[in-house]
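Down below is the structure, laid out as structure tokens.
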């Protein structure tokens, strides 16, 4: 079994791969279907996000990687198939994205999909007139969209993480490091 640091790095990489494959596949499917309320912009978006101006896809890989590193650290204690635990993580990530991140950005839940170029205009309106006074929760379709995309990411993480080739490479590198 690799060390905790190796597991965290492997989890980070597996989660980033899952973002680029599983999550973006569902994202692209929702974009292609263009269903009202479920439509997404094109997959692999490069528009910059606040606060650092990272391209959206890089931001998704970074945040997904952090969650994947934590998931890999606790994975030895998880029971059942990892893809199912990954789905649970995807549901948690979707909820955090819609509630916590929206709260941090001072918007209503579900507002995490605002492009960077509109942020200054929106903040000017919010600072001038205050926050919108709607129901305070995102629409059910926004929740469904987030659950589909983040759930696919979690399933992908759970399928990629136990791949034996990754663990063997990490174990071999760890054993080479202990020989020196």
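The values are calculated or read from the model by the stated rules, or taken from the named source; none is laboratory data. What you see is a predicted model, and the numbers here were worked out from it, not measured in a lab. A quick note on method: Cβ atoms are made from the backbone with ideal geometry, for glycine too, and the neighbour counts reach across all protein chains shown.
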(request) Would you mind finding the one in 41, 76 that is part of a helix (DSSP H, G or I), surrounded by fewer than 14 Cβ atoms within 10 Å (Cβ to Cβ) and on the phi < 0 side of the Ramachandran plot? (result) 76
(message) Could you check the stretch 24-35 and list, in sequence order, the residues that are on the phi < 0 side of the Ramachandran plot and free of Cβ contacts under 8 Å to residues at least 60 places away in the same chain?
(response) 24, 28, 29, 31, 32, 33, 35
(request) Quickly run through the stretch 37-77 and pick out the residues that are farther than 24 Å from residue 13 by Cα and in contact (Cβ under 8 Å) with a residue 60 or more places away in the chain. (result) 37, 38, 40
(message) Take the conditions modelled with pLDDT of 90 or more, more than 13 Å from residue 155 (Cα to Cα), surrounded by fewer than 19 Cβ atoms within 10 Å (Cβ to Cβ) and in contact with a strand residue (DSSP E or B) (Cβ under 6 Å, 6 or more places away or on another chain) and apply them to residue 46. Does it pass?
(response) yes
(request) Read through the list (1) at pLDDT below 90; (2) under 16 Å from the mean Cα position of the chain (by Cα), then give the number of the only condition that residue 14 fails. (result) (1)
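Using the structure shown, decide if residue 68 is part of a helix (DSSP H, G or I), in contact with a helix residue (DSSP H, G or I) (Cβ under 6 Å, 6 or more places away or on another chain), modelled with pLDDT of 90 or more and under 19 Å from residue 145 (Cβ atoms).
No.
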